[in-house]
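Take a look at the structure set out below.
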Amino acid sequence: MADKNSRQEQEIEVHWREEDYYEPPQSFVAQANLKDPDVYPRFSLENFPDCFVEYADLLDWEKPWDTVLDSSHPPFWRWFVGGRLNASYNCIDRHLSTHPDKVAYYFVAEHEHDPIVTVTYRELYWRVNEFAALLRDFAGVKKGDRVTIHMPMVVELPIAMLACARLGAIHSVVFGGFSGQACADRMVDSESSLLITIDGYNRNGKWLDHKEKADIAVARANELGHVLNRVLIFEREPGHYGGSALVEGRDYVINDLLPQYRGRVVEPESVPAEDPLFLMYTSGSTGKPKGIQHGTGGYLSYVTATCKNILDIQPDDVYWCMADIGWITGHSYIVYGPLSLGATSVIYEGGPAYPDAGRVWRIAERLGVNIFHTSPTAIRSLRQHGSAIPGKYNYHFKLMVTVGEPIEPDVWRWYYNVVGKQEAVIVDTWWQTETGGFLCSTVPALKPMKPGSTGPGIPGIHPVVLDEEGNEVSAGSGEGGNICIRNPWPGICQTIWRDPDRFVRTYYEKYNKNPESKDWRDWPYMAGDGAMEAADGYFRILGRIDDVINVAGHRLGTKELESAVLRMPEVAEAAVVAAHDDIKGSIPEIYVSLHPGIIGDDALSQKIVDAIVREIGPIARPRKIWMVPDLPKTRSGKIMRRILASISDNREIGDVTTLSNPEVVDSIHHLVRP
């Protein structure tokens, strides 16, 4: 009986119907970068891994590679072994001979009256070189060092990343909305030698002191035994410092130091293709964020190729990805991919609906944006303001992207009809921090669109849906399972920083039948998402299968949130569930049981919320704290979060007779749904 119940808990229910196709306009097909249907057989498994040489050929190499893929130590794949290059050189220097005065970035401040800042590739070259010289000569940064960058959406963020890459240092960017505590955890794990931050920034009409988070981060890191002696601080408004008080001997304002390095050129450090480029911390189910390590040659080739083939970026396009650079989407599709391709991109500081819901469309109109990249959460939020607003503005998109979470078919159609004005193709992409770039999507000139479905694997990616025992779930069966990728690809992460065993356990152990095998075919990558494959080979992503909540495209580990709650002396147990939200898709709700003698009240509830925001950041703010007499558990002591999530979403709870305390379910249900 226990085994049967366990299997039922793991089943993925699929109730959606298949949607109709939407064909790409012929005007788009005619101009597309990739419209050769032979690309699919060219990137078949029979031609793996040599097919990916096409991707590597998009880069400039100081020394060509000797081996396309070294798979001798699976699953630690090494791409383009023997090759040497520099990511900063590929993103900047190589464009100077052909288009030095082309715009690399338009920076749009939140205050609409502020002028738009234009950064050409020539200007970007000088700013990156000068900051790299400062990092090297003042801060002592050298090849292999880890540098933590905790900054909002300002153009100085990619400048700092590219300066690190120029030196061969490994950057670790922390999402600007995260707390000082979260920044400290990542600094300690990566053993960072330096923190780069900013005094403050504008968000939704308010000035936010960001420097105070650095003070908290350094103090907390020191408590954990990691001493950071130097913090470099950009000024959001040069010459006007607006952050918390500077600590003498530790804090240095970058804008005061840069004049000493004016005109300095730093030769880009030639690094092996498999050298790490950056760490990106993503939430996991153990409470400790995972430091996902991405290499240089494989990763850069992959994001360059997918920018060209899937985003269809061409020389005259103006591309705007509304994601935050602090997440993998921003790394891959605001910084490294577009710049390597020589594209023109937009960086916007503020919120999408500030000062009103027309702001996004005014920016697109003014800058001539024709490729638009955003999340389903942003689309849902903009839809709330009505369908009339986008039509007031004279912008025209050729291609629109959705990223970060599944998009509902009705929201997809609004995006297509209202935002895209029935002129633009949509690429509904599925991928992850760990994958580096897109895995599933239609190639927009080759495959029709289908609302709610991400599409097939892109060329060179070969997905499969497996059940719990490792059997393939047939396409068109209507059943869901765990989506996996049969083969490695250049963008795949190299490992989890300082934790290779966790890397194997998390992504490969479940479906690897022979740990001694040296054959890549025996090491399918398990993404941790549920999916269903339709008869046409299109995949529909069903959501996370582990304890990770996807809030507005941001993955938050429930264990990390629970850890923050359980630090409070009043709380005995805590369970975080993903509750449905019409705008954000999912939002945390927290169920807690208190120690004997503790009275739950609004003040304690607010104290728990404050702890979450302080430890993790505002993005993790729960919708509700439920103080309950006990949490539903199996006889083995496992908290049944599935039952709590059903109560939060007012769904059918199902059979509770196998619980050790079934009576508590009624108590919780009456509390939440009186």
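Numbers at a glance
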{"item": "Residue match in region 566-574 (condition: of a type outside the set (D, E, K, R), under 23 Å from ARG642 (Cβ atoms) and open to solvent by 50 Å² or more (accessible area, probe 1.4 Å))", "result": "yes"}
{"item": "Tally of residues being in a loop (DSSP other than H, G, I, E, B) and surrounded by fewer than 18 Cβ atoms within 10 Å (Cβ to Cβ) across region 358-370", "result": "2"}
{"item": "Residue in region 385-402 that is buried (at least 19 other Cβ atoms within 10 Å of the Cβ) and in contact with a His (Cβ under 7 Å, 6 or more places away or on another chain) present", "result": "yes"}
{"item": "Pair list, Cβ < 8 Å and 6+ apart or interchain, from region 60-78 residues that are closer than 12 Å to PRO490 by Cβ and open to solvent by less than 40 Å² (accessible area, probe 1.4 Å) to residues that are among the polar types (S, T, N, Q) and assigned to a loop (DSSP other than H, G, I, E, B)", "result": "TRP77/SER71; TRP77/GLN494"}
{"item": "Boolean, GLY460 is open to solvent by less than 10 Å² (accessible area, probe 1.4 Å), more than 28 Å from THR377 (Cβ to Cβ), in a loop (DSSP other than H, G, I, E, B) and out of contact with any strand residue (DSSP E or B) (no Cβ under 8 Å at 6 or more places or on another chain)", "result": "yes"}
{"item": "Single match in VAL154, VAL173, VAL128 (criterion: touching a residue at least 24 places away in the same chain (Cβ under 8 Å) and in contact with a Gly (Cβ under 6 Å, 6 or more places away or on another chain))", "result": "VAL173"}
{"item": "Pairs where the first residue, in region 507-528, is at pLDDT below 95 and the second is crowded, with 18+ Cβ neighbours inside 10 Å, C-beta under 6 Å, 6+ apart", "result": "GLY528/ILE545"}
{"item": "Some residue of region 471-478 being buried (at least 22 other Cβ atoms within 10 Å of the Cβ) and at pLDDT 95 or above", "result": "no"}
{"item": "When residues of region 45-59 are limited to those that are more than 14 Å from SER301 (Cβ to Cβ) and of a type outside the set (A, V, I, L, M), the one least open to solvent (accessible area, probe 1.4 Å)", "result": "PHE48"}
{"item": "Residue in region 177-207 that is surrounded by the most Cβ atoms within 10 Å (Cβ to Cβ), counting only those that are farther than 30 Å from ASP499 by Cα and among the basic types (Lys, Arg)", "result": "ARG203"}
{"item": "Count of region 505-526 residues which are over 27 Å from the mean Cα position of the chain (by Cα) and not basic (Lys, Arg)", "result": "6"}
{"item": "Segments classed as helices (runs of 4 or more DSSP H), wholly inside region 1-85, with at least 3 members that are at pLDDT 95 or above and not aliphatic (A, V, I, L, M)", "result": "26-31, 39-42"}
{"item": "Test: residue in region 586-594 that is assigned to a loop (DSSP other than H, G, I, E, B), farther than 20 Å from VAL665 by Cβ and open to solvent by 10 Å² or more (accessible area, probe 1.4 Å)", "result": "no"}
{"item": "Elements of type strands (runs of 3 or more DSSP E) in region 245-350, at least 2 residues being of a type outside the set (Phe, Trp, Tyr) and buried (at least 24 other Cβ atoms within 10 Å of the Cβ)", "result": "276-282, 290-295, 344-348"}
{"item": "Among (1) in contact with a helix residue (DSSP H, G or I) (Cβ under 9 Å, 6 or more places away or on another chain); (2) open to solvent by 50 Å² or more (accessible area, probe 1.4 Å); (3) aliphatic (A, V, I, L, M), the one test that ALA87 misses", "result": "(2)"}
{"item": "Residue match in region 221-232 (condition: of a type in the set (A, V, I, L, M, F, W, C), in contact with a helix residue (DSSP H, G or I) (Cβ under 7 Å, 6 or more places away or on another chain) and in a helix (DSSP H, G or I))", "result": "yes"}
{"item": "Region 93-121 residues that are at pLDDT 95 or above and basic (Lys, Arg), paired with ones that are open to solvent by less than 20 Å² (accessible area, probe 1.4 Å) and assigned to a loop (DSSP other than H, G, I, E, B) (beta carbon under 8 Å, 6 or more apart)", "result": "LYS102/GLY342"}
{"item": "Filter result for MET532 (touching a strand residue (DSSP E or B) at 6+ places or on another chain (Cβ under 8 Å) and crowded, with 21+ Cβ neighbours inside 10 Å)", "result": "yes"}
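The values are calculated or read from the model by the stated rules, or taken from the named source; none is laboratory data. Just so you know, these numbers come straight off a predicted model, no measurement behind them. Using ideal geometry, Cβ is built from the backbone for each residue, glycine included, and neighbour counts are taken over all protein chains shown. SASA here: full protein model, heavy atoms, side chains in, ligands and nucleic acids out. Shrake-Rupley method; radii C 1.70, N 1.55, O 1.52, S 1.80 Å.
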